[in-house]
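Trainee: Got a structure for you, written out below as structure tokens; questions coming shortly.
The values are calculated or read from the model by the stated rules, or taken from the named source; none is laboratory data. Just so it is clear, the structure is predicted and the values come from calculations on it, not from any experiment. Ideal geometry is used to build each Cβ from the backbone, glycine not excepted, and the neighbour counts take in all protein chains shown. Side chains are part of the model used for accessible areas, which takes the heavy atoms of the whole protein and leaves out ligands, DNA and RNA. Shrake-Rupley method; radii C 1.70, N 1.55, O 1.52, S 1.80 Å.
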Amino acid sequence: MISTLLEFLSGKADTATIVINICVLAFVVICCLPVHESAHAWMADKLGDSTGRLQGRISLNPAAHFDLIGTLMLVFLGFGYAKPVPVNIHNFPPKKQKLYFGLTAVAGPISNILLSILFLLLKNIVIVVYAKAPMPQNVAQAACMFFNYAAIVNVSLAVFNLIPIPPLDGSRVLTAVLPDRIYYKLLQYERYSMIALFVLIFIFDRIGFSPVSLLSGVIYSAIDFVCTLPFPMLR
């Protein structure tokens, strides 16, 4: 978002692009982040832990999932997070606690990938409709830009949240593969690991290189390619 604003101030981006970016970010905060967190709570509930459900986290109400720092990161960096869903691993079957904890964690990023697929399909539907029926060009372009940017942000959210640093989802996925002793040792440094992550993000941003953006771009391109395949024959 910041880079787009800078491009706008320098005359490289138009007002429509800024408006669409703002609308997408608002849409992600209001709709996509709640889906992400609800997916965690829903999966945990299905696997035996009702903690999130009892705290009202299986909900599309954005207020139930709002996290100020995570939202600000989304606005300024293009990726962020919402308030983590509480999970009591001891409510899972004893022999499957680590596996179910990991499945609960990965449910959030998977929901973002599914949303990105939905938005890219909608983008292609708009293109087909525009080719076959009367539709103002500016409306079609705005809709395509909206769905495309929404897909990009959702892929970025999935990739960012899978970084194996507490309290991000990737750190919970580690429970399925790491010995308990090593995992709990990592948790002791949760506060410092997040600070280190912010520092690394700042450094990468200053040098113009972001591993999250790079990987997100690769995944987005692959999803976009697959979602576009069925549509040329419909145009």
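Trainee: Can you tell me the order of 35-44, 99-108 when each peptide is scored by its average per-residue count of other Cβ atoms within 10 angstrom, highest first?
Mentor: The peptides rank, most packed first, as 35-44, 99-108.
Trainee: Rounded to the nearest 0.05, what FRET efficiency do residue 178 and residue 219 give with R0 = 25 Å and r taken as the Cβ-Cβ distance? Could you check?
Mentor: 0.55
Trainee: While we're looking at this one, here's another question. Give the calculated FRET efficiency between residue 197 and residue 68 to the nearest 0.05, with a Förster radius of 22 Å applied to their Cβ-Cβ distance.
Mentor: The value I calculate is 0.85.
Trainee: Something else about it: Given contacts defined as C-alpha pairs under 8 Å and at least six residues apart, what's the relative contact order of the chain, whole-number percent?
Mentor: About 20 percent, as a whole number.
Trainee: Here's a follow-up. Taking the simple approach of a point 7 Å from Cα along Cα-to-Cβ for both residue 110 and residue 59, what is their distance in nm?
Mentor: Calculated label separation equals 2.5 nm.
Trainee: Can you give the convex hull volume per residue for the Cα atoms of region 98-235, as a whole number of Å³?
Mentor: Cα convex hull per residue, to the nearest whole number: 120 Å³.
Trainee: Out of the total accessible area of region 57-122 (probe 1.4 Å, heavy atoms of protein only), what percent is carbon and sulfur?
Mentor: 74 percent
Trainee: Now, a different point. What length, rounded to one decimal in nm, is gained on full extension from residue 50 through to residue 26, with 0.36 nm per residue of separation minus their alpha-carbon distance?
Mentor: 5.7 nm
Trainee: Taking only protein heavy atoms into account and a 1.4 Å probe, give the accessible area per residue of region 93-224 in Å².
Mentor: Ligands and nucleic acids excluded, the figure is 55 Å² per residue.
Trainee: State the number of lysine pairs found in region 15-142 whose Cα atoms come within less than 26 Å, restricting to pairs 8 or more positions apart or on distinct chains.
Mentor: Eligible lysine pairs with Cα atoms under 26 Å apart amount to 7.
Trainee: Give the relative contact order (percent, whole number) for region 143-235; include only Cα pairs under 8 Å separated by 6+ residues.
Mentor: After rounding, I find 30 percent.
Trainee: Measure of size requested: the Rg and Dmax of the chain, with Cα atoms as the atom set and Å as the unit; please supply both.
Mentor: In Å, with Rg to one decimal and Dmax whole: 19.2, 63.
Trainee: Mark the label point 7 Å from the Cα of residue 90 along Cα→Cβ and return the residues of region 50-65 whose backbone N is within less than 20 Å of it.
Mentor: Within reach of a label on residue 90: 50-55.
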